[in-house]
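Bear in mind these aren't lab numbers, they're just calculated from the coordinates by the rules spelled out. All values reported here derive from a predicted model rather than from experimental measurement. Backbone-built Cβ (ideal geometry, glycine too); neighbour counts: all protein chains shown.
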Amino acid sequence: MNEKAVPEPRQEASGYILRAAGITKIYSDGTVALKKATLEIRAHEIIGLLGENGAGKTTLTKILSGLLPPTHGRVVSPRGAVRFTSPREALDFGIGMVHQHFALVGTFTATENVALSHEKPFSFIRLAKTRERLEALMEESGLRVPLDVPVEKLAVGEQQRVEILKVLSRDVKLLILDEPTSVLTPLEVDELFLLLRRLRDKGTSIILITHKLKEVQSVTDRIVVLRRGEMVGDLRTIDATTERLAQLMVGKALAGEPTAVELSAEQLPKAQRALKRNEFSSEGVLHVTDLVARGNTAEIAVDGVSFDVHGGEIFGIAGVEGNGQSELVECLTGLRVPVSGEATIRGTNILGKDPRQIYRLGVAHVPEDRWRLGLVLPFTLAENAILGVHQWEEFRGPLGFLRRGKVNQHVRQLMDRFDIQATGPSAPAKSLSGGNQQKLIVGRELAKDPAIVVASQPTRGLDIGAAKYIRDLLVEMRGKGRAILLVSADLDEVLALADRLAIMYEGRFMGESCPGELSREQIGMLMGGVSCKEVA
Amino acid sequence: MSANPSRDSRLLRGARRTLTGLHPALESLLAAVIGLLIGALLMYIWGFNPWKAYWALLQGAYGGSYEWASSLSRATPLILTALTFSVCVRAGMFNIGAEGQMLMGAMAAICVTYFRMPVGLHLLVGLVFALTAGAVWSIVPALLKITRGVSEVISTIMFNWIGRWLALYLAIYVIVDPMRAEKTLTVPVTARFPILVRGTDFSYSFFLSLFVALVLYFILWHTTMGYEVRAAGLNPTAARYGGIRNKRTMLWSFLLGGAAAGLAGAAIVMGMPPSYAAFGGGAFPNLTNIGFDGMAVAMVGRNHPIGIVAASVLFGGLNAGGRVMQFYGSNPVPLEMVRIVMGAIVLAMSVPELIRLFPAIRRQGESLVRLLRRKGESSEEGSS
Amino acid sequence: MSWSDLLSLLRIALHAMVPITLTAVGEIVGETAGLFNIGLEGILLISAFAGALGARIGGPWMGFLIGAGVGAAIGFLFAVINTYWKGTQMVTGIGINLFAMGFVAFGLIQLGAPGFFAVPRTVQLIKWRTAMGAMSPMIVVALVLPFLIHWFMRRTRAGLILKAAGEMPEAADVAGINVNRTRLFAATFGGMLAGVAGAYMSIAWIGSVTKDLSAGRGFIALATVVFSGLNPLLALLGGFIFGFFQGLAEWVKTLPSKPIPFQFVSMLPYIVTLLVVSGAIGRVRFPKALGESYKRE
């Protein structure tokens, strides 16, 4: 995996099979996901699509595979413009996508799952015939999977192979894989790459979405880098050095790009972006030692992390989403039970406890998925503002009555303090903008007077003004002596706010043994999985 | 809603904003109107005069104080069984077991005949028996759901049947009237709800229903327990994260719901002249369908106590008015039409956002036109 | 219990099994695809009525045709409301029940036969003379159909599509399957079978239409579906068990000295179903997406 891709003697890439021309995608809430992206895909080619979270990789491939319509631009084939209105149409055309979350029916066997996507929609094909075809396909491609076991019982790597078989059984010309290696063991990754190369040699084009620098260099022919919706690089893999890639992915602000995070001089963190352990006047609030946890699919998501967070500091965990950050936060906030390790708040263990107990110990949590975890959308502002603290004395009257008056007072205070724009405490939460919703959550959590604030992707999906507000808040909290754990896939944010930071990759902290200050590009490389030694 | 909101006229935007505010009540109203229209259509097809029939219905339901009394008397048990369904829906569960819970409550209330007590107390004791029986009958499905994840829809339906047979057994063998085998013991005078309007069957049981509705309203919206129930019903994940124990909320909602259904049974056997008993012989004619009708009321009332009271007045009125309608005019409409209208109303209710449906149909038409136009365009385009 | 008593019991059980099994098998198809129709009771009632009318016009076969048609139409309506229009399945089902109750009662009055309408012998479905007495040929249909459906679900791609739509509609969508259309077919088919069952009751078995003819059989069918764990063969067994206990209860009623009140006998099938569902006896597993409308994200 350490060697760079060497072009093997193979058929030269012929004319293009598909071209995305000027694709722009603007979501209904105004977010610009893609800006005039243009990509030409040729046969016999493995293209690596590289970028951070929110760069637009998944959006682009969803447009290519028919799951989303573009706002502007079109997809063109040598035969003319193509328009897909459903995944099926894309499949019929020859484009198949293997998603991060498999679209498999758990109770079905592999054979049954593949039979599901056969060409003829409504037929009485017997399963035996499908099985024969599958066996032949397995021979051809070298993929081996038990065919008669319900897929939910298979290992994740095997499940992925079923997904790939499913797509291959439709004779696709373009195969798109979205972060396929995040759930695989190293051995399985090697097998996958072997398969991809074999397919490429047979003529299939492959797009591999990834954020892992080493991988993208080892298996692709060409690398395309997306950043904030724009195509910033399209180069042959042999020309792509790790530094160049990191620079393209996260490097200095490009001309014309507004800097996302602005802090005034007083707000800048005392310690700069060093990984050194500094002396702090306040003691550690959160101590985590060797935490190991499994993800939802039973693979190890958190692979032994240790860190401390002190009062008066922001400890940032950077990294592309999906490398264990969510699971880590869930362990610390009572939503997941880890396999092993320790985590204490001022000496008291918090692992395995339920959320209410962890609250009482002083942990406040700004969740990454505010609609699912943070708010009850149909509830009013007031009702959401007391979620988690509704049992408090001041809100509770005799016989368990809610002191509406007190609640409203509390909410109005929050609204003032945090500048929450809404028609009033009885406005339904879903009528608030994303920014105001997030302010509500942050305000609610801070009102608990917590010892530590765990903020997970706190500015995701917010407009610039709201994001700035939240960041200012975090900085203010730090000034008041609170401990803050900031988990964010927005590198700019982490770099600007954190006193100390760690980079999470595949469940572990990277670069802890790296000396001295790290440049942005170096951090980018660490985020992409490059180890300390190779970060020059 | 068109894709480009700024193109809509200001009038349209204003109208839409008002509509969204009144939204739920408006939908129920629309559903009621559609139900009545469907009824009218059927009446017309069958050769009846719908307007005369509806006029009679209206008169019979709300024409005078006797009529109002009749409607409200029919509304009484419906309020309670509707509350059963709604409280559980608020907790995120479907409690279909009101039929069984109500029967158990009725049987328990009849047992009060075995004691001799002073006037007010006797009634109260009967109510306590009834609500306990109802709550007990709904606890097992709740526990099954909590401990073993058994669908409460299925278990409550099963308990409806088990309850029905159990009640029949009790009515025929245990609490049977020694003189007349087809009915149970009669609830003694000291344990009855006093009649409110002489000559009707409207009793103080109506106030019981209102009281229970009020109590449940307060519990759900003004106590911490009710808050937890509602939060868990709307977003169990966020609720759990907010420290709410979802199992507890489920249990509470079923207990409260079962109690309400039990009280419905009591309201009938202790409040409905002339029999003040249950009839095992005919499989409880005065007690059947109260549970299911209550569910219909709950849905039309949008699962809110205030809406439920309003909807039950509607349904009670339909029932009472029907009895007048069936004798009115030269070609009277049989009262079974009322059931048809009720069914049509509920069917209309089951389509969400009826108001939005019309623009949706218009949008489908628009997109179809656009599709056809585009097909014409693309055939002119070559490869780019 | 004498031999002839047992035969008589068997005969009753087999006849009673037919509507339950047919309805249950139809609902199995619907639930496999993700639609939970609590309105089966209403479908049974209305199609019994419609079937009787149809028989009066054109003989028993016309009656079955009309009954099946009406059932299919209601199933279709149920499906449209709850797939394309994103309705609430529970509410629609209850609406169907209410509507049907009123409609049949009303219709009976219109026919001039309030409360009771006897289907003339001449237009009833023939019964075969057997050693056990008069038996309806529909019993054969009820015995064979579950096997056919079972084969269909297990061994054809269409069966797979149904299961996928109910278990994980997202996967089905990605595979290019129109989830809503699948559910539409499934519920219409289920309604059709319930319609046949209803027509059977009025034309081929009980021979009359009353306003509570269905007597809860729709709900019994739901219980059977649960008992069967969506396996049509077990639905056959379940239907027989329910029919058997109905017959048994009737028989107990006729005994001069009553060892057990017949009500407890009638309770048994429901208790057994509860035990099955709670996992006390066997484990049943329902499609994950049952009861939820599907919307492509």
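A few remarks follow.
- Per-selection Rg to Rh, region A:444-489 - Cα, Kirkwood hydrodynamic radius: 0.95
- In this structure, the residue pairs whose Cα-Cα separation is over 18 Å, taken from B:K52/C:K211; A:K25/A:K62; A:K448/A:K468, are B:K52/C:K211; A:K448/A:K468.
- Here the convex hull built on the C-alpha positions of region A:408-479 has a volume of 88 cubic angstrom per residue.
- 25 °C / 0.890 mPa s Stokes-Einstein diffusion coefficient of region A:281-534, Kirkwood radius on C-alpha pairs, µm²/s: 130
- Highest average packing first - A:177-184, B:126-133, Cβ atoms within 10 Å: B:126-133, A:177-184
- Cα-based Kirkwood hydrodynamic radius, chain A, one decimal, Å: 25.1
- Descending semi-axes in Å of region A:421-536, equivalent ellipsoid built from Cα gyration tensor: 33, 15, 11
- Average Cα contact separation per residue, chain B, under 8 Å, 6 or more apart, as relative contact order %: 32
- The Cα atoms of the protein assembly as shown define a convex hull whose projected area, averaged across directions, is 52.4 nm².
- B:V197 versus C:L255: modelled label distance in nm, points set 7 Å from Cα along the beta carbon direction: 5.1
- Cβ neighbours within 10 Å from other chains - mean over A:353-359: 3
- The long axis of helix B:224-234 is offset from the longest Cα principal axis of chain B by roughly 50 degrees.
- Top positive-direction residue, dipole computed over region B:23-351 with Cβ charges, set B:I146, B:T184, B:V33: B:I146
- Convex hull volume of the C-alpha atoms in region A:14-86, normalised per residue: 87 Å³.
- One Cα centroid belongs to region C:179-203, the other to region B:318-336; the line between them spans 34 Å.
- For chain C: Kirkwood Rh in Å [reciprocal of mean 1/r, alpha carbons]: 19.4
- Segments C:238-248, C:87-97 sorted - mean Cβ within 10 Å per residue, highest first: C:87-97, C:238-248
- For chain B, the longest principal axis of the Cα atoms and the long axis of helix B:98-110 meet at an angle of about 20 degrees.
- Taken over the C-alpha atoms, region A:110-171 has Rg and Dmax values of 11.0, 31 angstrom.
- Distance histogram in 5 Å bins (all Cα pairs of region B:191-301, percent per bin): 2, 10, 15, 18, 17, 13, 9, 7, 5, 2, 1, 0
- More than 28 angstrom apart: percent of Cα pairs within region B:23-351: 42
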